[in-house]
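Please read the structure below before turning to the comments.
We did not get these values from a lab; they are worked out from the coordinates using the rules stated. Note that this is a predicted model, so its numbers are computed, not measured. Here Cβ is always computed from backbone atoms with ideal geometry, including for glycine, and neighbour counts include all displayed protein chains.
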Amino acid sequence: MKQSNTITLFFIIVSTLLLHSCSLGTTSKSSEVDPNRNPRPIYNKTYSFEKANSLDDIYDVYTEFYFDYYPEDLDFIGDVNVYGYENPKLYFPEYSTESEIILKDVTTRAVEALKSIEVEPYSKDFYDKEVLIWFCEDTINNLNQPTERYFAYQNFGAQSLVSTLLLDMHEINTLSDVEAYIERVNDAGRYLLDIYDQVEVGIASDVMIPKSSAMNLFSELRAELYSIEKYKDKLTEAMDKLDIDETQYAELLVRYDEAQENHLKPALEKLIDQSNGLMKTSLFDNGLSELPSGKEYYQTYIIPHHLGLDLSAEEIHNVGLSEVKRIKEELKILLQSMGHEGDIREGIQSVQQSSLIFRGNDAFVEYERVMDEMFLQLPKVFYKDNIPKNNPTVRYFDYNSYLQPTIDGNREAYFNIVNTGHASFAITALAIHEASPGHHLQISNVLDNQDARLLRKLLRTTSYTEGWALYSEKIALENGFVKSDDVKVGMLLSELFRAGRLVVDTGLHYYGWTQEDAENYLINEAYFNHPEFEVQRYMTMPGQALSYKIGELKILELRQMAMDSLGNSFNLKDFHATILDDGYLPLSLLENKVRGYIKFNK
């Protein structure tokens with residue numbers, strides 16, 4: 001069975017943020033940046049914590065630095081002027097030794113300042129303090145790692161941020177937005193050259209993406225070059241709606257053409273040549289375990305970064321094997337109750353073959369129907385304050401994903417689906433995961449929290465986010481949201497696939513599995529018939545795939561702990577509010593929060 005790849009769209013942004021904090025080579029700021037442009041804010045400002053005497057003071061200083069350093073995250077806000085920032089959406093990230101030095105210095109001083117502040121345990125300030133410490137220490141930890149991280153790779157590599165920001169995130173509603181967009185297109189060329197330089201540093205250290213990934217990257221970059229006019233199309237469409245006189249309109253287009261032809265296009269061509277070379281010269285074609293220090297890097301940084309837990313690769317691998325076995329037994333029992341007494345795969349194929357396929361507008365209608373159906377069930381397990389006001393808008397996109405609304409509320413939330421056939425037995429699991437009670441419900445709780453600090457709405461943790469979305473699928477099954485046995489099969493297959501990821505990801509990056517080993521495991525044990533795209537994703541995004549199942553299992557473990565401790569006084573709505581009300585938390589901090597919930601409710 002071919003199941004759709006899903007990933008929250010904001011993870012693309014997060015993954016590029018993480019690349020900032022990796023240990024870079026000795027490259028400096030690109031000499032090809034226009035010398036007449038204003039220098040980036042981080043080179044003009046002093047970020048001082050000396051007079052920061054409270055948590056608010058520390059957050060004020062670090063938030064200013066964060067947005068100066070990570071300008072791409074400003075696009076999640078919307079109208080940044082509302083929050084006191086003057087139209088800074090001119091830049092892409094920077095990968096340079098100079099910026100890394102500033103990052104390490106400011107981040108280290110932030111941790112020192114945070115640790116000097118006393119706050120009430122289990123309070124909102126406690127979690128705000130601890131989350132920022134965790135984020136900063138995670139950044140420093142990565143800075144101290146060997147250079148093992150990939151930069152450019154297919155689909156979700158650092159280069160994908162160009163189209164993500166320029167096409168989907170950067171809003172053009174005013175003349176100043178137009179000018180900022182042109183500046184950003186100009187800076188996109190510098191950004192891609194930074195990526196090129198870091199890939200070259202990796203090559204010199206024998207850190208290269210696998211040959212098969214290089215081939216896919218080459219194809220992706222060539223397609224990007226061939227469709228480069230899409231950025232100009234977006235700009236002109238927006239400009240046509242604004243009151244711009246003909247002379248100024250023409251001048252703006254000249255500036256855009258210069259940015260595209262002199263900066264963006266040459267940088268793309270250079271990356272294309274580089275990926276073409278890697279197709280022939282890469283020393284590898286499998287996971288991190290092939291790299292010089294890859295196995296150690298996977299254990300000491302990748303796993304704790306994505307999970308926020310102290311787990312070994314061996315433990316995760318064994319959990320995956322155990323979960324795969326358990327879920328397959330559940331599938332077998334369900335299929336037998338449906339009259340499928342033979343092989344599990346035959347039963348699954350029978351469900352597939354009888355499933356309706358929705359295409360075009362019919363797919364939108366069906367996803368909207370399922371979302372509406374699930375929305376009516378939410379009051380059973382959530383308080384009204386934890387339920388979003390509406391569902392996201394369904395639209396076609398390159399991959400199934402969720403795009404959160406801007407914090408200012410001017411851009412709505414989107415549930416992205418691929419433009420292909422969608423089988424009825426699989427639609428519900430995807431709708432629950434991406435909409436409600438999954439990502440949309442969870443993220444709405446973060447964004448709608450009027451008491452939350454702005455930065456806390458953006459410091460995301462992968463295992464909390466993806467763990468909750470998979471847990472939400474479990475909620476639906478446990479509480480009778482789903483009646484159809486065919487749909488229950490689809491949901492168990494969704495869970496089985498996530499369990500299989502634990503085995504495959506650790507297999508590739510710790511146990512030395514080949515791509516073929518990983519593909520065969522997903523086909524034979526998770527009944528996932530076309531795993532090539534997924535395995536390519538795991539090879540170049542190590543550890544991210546662990547987040548779903550490990551996060552879900554941790555939430556289930558904490559729920560059981562609360563049920564055991566509170567007995568008859570346990571309330572599922574209270575538990576869910578506890579998980580949701582303080583925003584994104586590393587799993588270790590989430591456990592602390594649930595222990596506090598138990599303590600105060602005994």
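Assorted remarks:
- For the pair Thr247 and Val82, the difference between a 0.36 nm per residue extended length and the Cα-Cα distance amounts to 56.3 nm.
- Residue exposure proxy: Phe600, Phe397, Phe382, ordered by other Cβ atoms within 10 angstrom of their Cβ from fewest to most, comes out as Phe600, Phe397, Phe382.
- The Cα center of region 173-223 and the Cα center of region 540-602 differ in position by 38 Å.
- Compactness index (Cα Rg / 2.2 N^0.38 Å), the chain: 0.95
- Segment Arg595-Lys211, extension gain: residue separation times 0.36 nm, minus the distance between their alpha carbons: 133.5 nm
- Likely footprinting exposure, Ser350, Ser116, Ser494, Ser463, fewest C-beta neighbours within 10 Å first: Ser116, Ser350, Ser494, Ser463
- Length available on full extension from Ile344 to Leu225: 0.36 nm per residue minus the Cα-Cα distance, which gives 38.3 nm.
- Inter-site label distance for Asp385 and Thr300 at 7 Å from Cα along Cβ, in nm: 4.5 nm
- Region 304-551 - Rg and Dmax from Cα coordinates, angstrom: 18.2, 55
- Rough spin-label spacing in nm, given labels placed 7 Å along Cα→Cβ, for Lys332 and Glu532: 3.2 nm
- Treating r as the C-beta distance of Glu179 and Glu137 and R0 as 41 Å, the FRET efficiency rounds to 0.60.
- The label-point distance for Asn419 and Asp57, in a model that sets each label 7 Å from Cα toward Cβ, rounds to 5.5 nm.
- Positive-end ranking of Leu403, Thr107, Leu192 along the dipole of the chain, with charges on Cβ about the Cα centre, is headed by Leu403.
- For Met169, Met539, the sequence from fewest to most other C-beta atoms within 10 Å is Met169, Met539.
- On the beta carbon distance between Glu478 and Asp398, with R0 = 30 Å, the FRET formula returns roughly 0.35.
- Fraction of antiparallel bridges per DSSP, region 304-551 only, in percent to nearest 5: 55 percent
- Between the listed residues Asn144, Pro121, Phe92, the Cα displaced farthest toward the positive end of the dipole of region 41-184, a dipole computed from Cβ unit charges relative to the Cα centre, is found at Asn144.
- Taking Cα centre as origin and charging only the Cβ of basic (Lys, Arg, +1) and acidic (Asp, Glu, -1) residues, the dipole magnitude of the chain rounds to 1400 debye.
- Rounded Å value of the spacing that divides the Cα centres of region 351-386 and region 418-495: 11 Å
- Residue (of Ser212, Gly320, Leu291) at the positive-pole extreme of the chain, dipole from beta-carbon charges: Gly320
- A simple rule links phi to the HN-Hα coupling: the Karplus curve 6.51 cos²θ - 1.76 cosθ + 1.60 with θ = phi - 60°, which for region 263-274 gives 10, 5, 5, x, 5, 4, 4, 5, 5, 4, 4, 5 Hz, with x for Gly and Pro.
- Per residue, the convex hull spanned by the Cα atoms of region 515-602 amounts to 126 cubic angstrom.
- Between the beta carbons of Lys573 and Lys602, assuming R0 = 22 Å, the FRET efficiency works out to 0.80 to the nearest 0.05.
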